[in-house]
Amino acid sequence: MENIIELKNVHKSFKGFDIKNFSIAVKKGFVTGFIGGNGVGKSTTIKMIMNLLQPDSGTVSVFGLNYKEHEKEIKQRIGFVYDENILYDHLSLNQMKDIVKHAYENWDDHLFNHYVELFDLPLKKKIKTFSKGMMMKASLTMALSHHAELIIMDEPTSGLDPIFRRELLEILHQLMQDGDKTIFFSTHITTDLDMIADYITFIHNGEHIFTKDLIEIEEEYAIVKGGLELLDREIEQEFLAVRKSNYGFEALTANKGRAEEVFGDMVIMEKPTLEDIMYYTKKGAEQHV
Amino acid sequence: MQIIISNSSKQHIYEQIYEQLKTSILSNELEAGQSLPSMRQLAKDLNVSLITTKRAYEELEKTGFIYSIVGKGSFVSEQNSEMVKEAKMKGIEEQLLTAIRNSKDIGISLTELKELLTILYREEE
C-alpha cells in the first residue's frame with residue numbers, strides 16, 4: 001500500500017518539550033485520525049508535515065517527495081484546514097476566494113460554488129461576522145476547491161456543535177468516495193473517529209505510541225473490570241494501567257486474548273473507547289516512571 | 001436489503017455487516033450474480049469507516065459468499081447447496097446452545113428438554 005505521508009526518525013526540540021524519534025506512515029485512500037491530549041505534539045507534527053516547521057533531524061516526505069526540492073508541487077496537492085481562523089476578517093468570502101484561487105493551478109470555481117451552496121455560506125458578508133461553524137465551513141470550502149489529493153486538518157471539529165460535526169463527517173465520507181483521496185486529521189474528540197477513521201495514530205508526550213487500524217484496536221485492547229482480590233503485583237504488570245477503588249478495579253489490557261485466558265468468567269471485559277486507551281496509556285506512562 | 005448496526009453489541013461492526021449480508025445471501029434476497037454496493041459507498045451509507053466494510057467484504061470473499069472483480073466491484077457467488085446447508089446447520093447449533101444454556105440456568109434436565117423439543121417439532125409438522 002502506498003504511503004502518502006512519511007515521517008522518519010523525526011526529532012524536534014523546544015524549550016521543555018521534544019518530539020522524539022517520531023516515525024509514521026499515512027496510507028493512501030484511507031482516513032487516519034491523529035489523537036493525543038493537549039500539548040503532546042499534534043500540532044507540531046502537523047506543522048512539520050506542512051513544512052511550517054522543520055525538524056531538527058529526520059525526514060518528512062509527502063507524496064514521496066521532499067520539501068526541499070518540491071515544496072510548490074506538494075502544496076498544490078494538499079488541502080489544509082487549520083484550527084484557527086486564517087481567513088482575513090475584513091474581507092468577504094468572495095474576495096478571499098479571489099486571493100486564494102491564484103495560488104492553485106487546479107482551482108475550480110464550480111467546486112467552490114458547490115460547497116458555498118452546500119454549506120449555505122454568504123459570499124458578500126465580511127468574514128468577521130461569521131460564527132465558528134461558518135468559519136469552519138469557509139476554511140473547508142477553501143481547502144476543498146482545488147482538487148487536493150490529501151486533506152490535512154488540525155482539530156477540525158473542536159468547538160463545533162455535534163450536529164455540524166456529523167455533517168462534517170458526512171462530507172468527509174463523500175470525499176472518500178473517490179478512492180484516490182487521503183485524509184489526515186488531528187482531534188481529541190474521539191467519538192468522531194469511530195464513524196470515519198480507518199487508522200488511528202496515537203501520540204503521547206512527543207512519542208509515537210501506535211498506528212493501528214480500528215479493527216486491530218478492537219481485537220487487541222479490552223477494558224477489564226473485576227474484584228480487587230483478583231489482582232496481585234504480577235497480574236497488574238499485564239495491564240497498561242489499573243484504576244482501583246474500594247469496590248473493584250478497572251484496567252486496560254493490550255492483549256485481550258491473554259486476559260481472557262487469565263481471568264475467564266471472573267471479570268467483565270468491555271470494548272474500550274479510544275478515550276479509554278488515551279486515558280490509561282497516559283496513566284500507565286505515569287505509573288511506570 | 002437491510003443492514004442494522006448496533007454500537008452496543010459485543011460483535012465487531014464488520015462482523016455485524018458480514019452476518020447480515022450473509023443472511024441476505026442465504027435467504028436469496030441477494031441473488032447470485034447481483035452486484036453489491038462498493039465498499040466506499042457502503043461505508044458512507046452506514047456511517048462507518050472504510051476499513052470496516054473492507055474487512056466485511058474480505059470475510060465474505062474468504063467464505064465464498066461473494067467474489068470481486070478488480071475495477072468492477074463485488075458480486076454474490078452462486079451458492080452451492082452444501083454450503084447453504086452447512087451455514088444453516090451452524091445457525092441451528094448456535095440456537096440450540098442458547099436453549100441449552102437457558103435450560104441449565106433454571107434446572108431443566110436433558111430429558112425434559114428433549115421432550116419439549118419433540119413436542120414443538122411435531123407441532124410444526
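The values are calculated or read from the model by the stated rules, or taken from the named source; none is laboratory data. Keep in mind the model is a prediction, meaning the values are calculated, not measured. Quick reminder, even Gly has a Cβ in these numbers, built from the backbone with ideal geometry, and neighbours come from all protein chains shown.
Summary of values
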{"read-out": "Flag if A:Ile163 is modelled with pLDDT under 90, farther than 23 Å from A:Phe22 by Cβ and either crowded, with 20+ Cβ neighbours inside 10 Å or assigned by TED's automatic domain parsing to the domain that holds A:Phe63 (or both)", "value": "yes"}
{"read-out": "Segment B:64-84: number of residues that are closer than 14 Å to B:Lys22 by Cβ and without any contact (Cβ under 8 Å) to a residue 24 or more places away in the chain", "value": "2"}
{"read-out": "Matching residues in segment B:84-125 - criterion: being among the hydrophobic types (A, V, I, L, M, F, W, C), part of a helix (DSSP H, G or I) and in contact with a helix residue (DSSP H, G or I) (Cβ under 9 Å, 6 or more places away or on another chain)", "value": "B:Val84, B:Ala87, B:Leu96, B:Ala99, B:Ile100, B:Leu110, B:Leu113, B:Leu116, B:Leu117"}
{"read-out": "Some residue of segment B:11-27 being within 17 Å of the chain's Cα centre (by Cα), part of a loop (DSSP other than H, G, I, E, B) and of a type in the set (Asp, Glu)", "value": "no"}
{"read-out": "Some residue of segment A:194-203 being in contact with a Lys or Arg (Cβ under 9 Å, 6 or more places away or on another chain), within 30 Å of A:His11 (Cα to Cα) and not assigned by TED's automatic domain parsing to the domain that holds A:Ile24", "value": "no"}
{"read-out": "Selection status of A:Met153, crowded, with 20+ Cβ neighbours inside 10 Å, more than 14 Å from chain B (Cβ to nearest Cβ) and modelled with pLDDT of 90 or more", "value": "yes"}
{"read-out": "Single match in A:Phe14, A:Phe30 (criterion: among the aromatic types (Phe, Trp, Tyr), within 14 Å of chain B (Cβ to nearest Cβ) and within 30 Å of A:Ala285 (Cβ to Cβ))", "value": "A:Phe30"}
{"read-out": "Some residue of segment A:43-57 being charged (D, E, K, R) and assigned to a loop (DSSP other than H, G, I, E, B)", "value": "yes"}
{"read-out": "Whichever residue in segment B:17-48 is of a type in the set (A, V, I, L, M, F, W, C) and within 14 Å of chain A (Cβ to nearest Cβ) and, among such residues, is nearest to A:Met195 (Cα to Cα)", "value": "B:Val48"}
{"read-out": "Segment A:138-171, residues that are of a type outside the set (A, V, I, L, M), more than 23 Å from A:Lys47 (Cβ to Cβ) and assigned to a helix (DSSP H, G or I)", "value": "A:Pro162, A:Phe164, A:Arg165, A:Arg166, A:Glu167, A:Glu170"}
{"read-out": "Filtered residues of segment A:172-192 (kept if more than 8 Å from every other protein chain (Cβ to nearest Cβ), modelled with pLDDT under 90 and either surrounded by fewer than 20 Cβ atoms within 10 Å (Cβ to Cβ) or in a helix (DSSP H, G or I) (or both))", "value": "A:Asp178, A:Asp180, A:His188, A:Ile189, A:Thr190, A:Thr191, A:Asp192"}
{"read-out": "Single condition A:Glu117 does not satisfy, out of (1) under 26 Å from A:Lys42 (Cβ atoms); (2) of a type in the set (Asp, Glu); (3) modelled with pLDDT of 90 or more", "value": "(1)"}
{"read-out": "Positions within segment A:20-77 being hydroxyl-bearing (Ser, Thr, Tyr) and within 22 Å of A:Ser145 (Cα to Cα), in sequence order", "value": "A:Thr32"}
{"read-out": "Selection status of A:Pro156, in contact (Cβ under 8 Å) with a residue 40 or more places away in the chain and of a type outside the set (Lys, Arg)", "value": "yes"}
{"read-out": "Matching residues, segment B:48-62, being assigned to a loop (DSSP other than H, G, I, E, B) and without any contact (Cβ under 8 Å) to a residue 40 or more places away in the chain", "value": "B:Ser49"}
{"read-out": "Of all residues making up segment A:205-248, the number that are among the small types (Gly, Ala, Ser), surrounded by 16 or more Cβ atoms within 10 Å (Cβ to Cβ), in a strand (DSSP E or B) and more than 14 Å from every other protein chain (Cβ to nearest Cβ)", "value": "3"}
{"read-out": "Residue in segment B:32-45 that is surrounded by the most Cβ atoms within 10 Å (Cβ to Cβ), counting only those that are over 22 Å from A:Met176 (Cβ atoms) and not polar (S, T, N, Q)", "value": "B:Ala32"}
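Residues are listed down the side, and each one gets a yes or a no for (1) modelled with pLDDT of 95 or more; (2) crowded, with 17+ Cβ neighbours inside 10 Å; (3) among the acidic types (Asp, Glu); (4) within 22 Å of A:Gln177 (Cα to Cα):
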site: B:Met1; (1), (2), (3), (4): no, no, no, yes
site: B:Ile4; (1), (2), (3), (4): no, no, no, yes
site: B:Leu30; (1), (2), (3), (4): no, yes, no, no
site: B:Asn47; (1), (2), (3), (4): no, no, no, yes
site: B:Val70; (1), (2), (3), (4): no, no, no, yes
site: B:Ser77; (1), (2), (3), (4): no, yes, no, no
site: B:Lys88; (1), (2), (3), (4): no, no, no, no
site: B:Gln95; (1), (2), (3), (4): no, no, no, no
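Matching residues to (1) in contact with a strand residue (DSSP E or B) (Cβ under 6 Å, 6 or more places away or on another chain); (2) crowded, with 22+ Cβ neighbours inside 10 Å:
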| residue | (1), (2) |
| --- | --- |
| A:His11 | yes, no |
| A:Gly16 | no, no |
| A:Asn21 | yes, no |
| A:Ile24 | yes, no |
| A:Thr32 | yes, yes |
| A:Thr59 | yes, no |
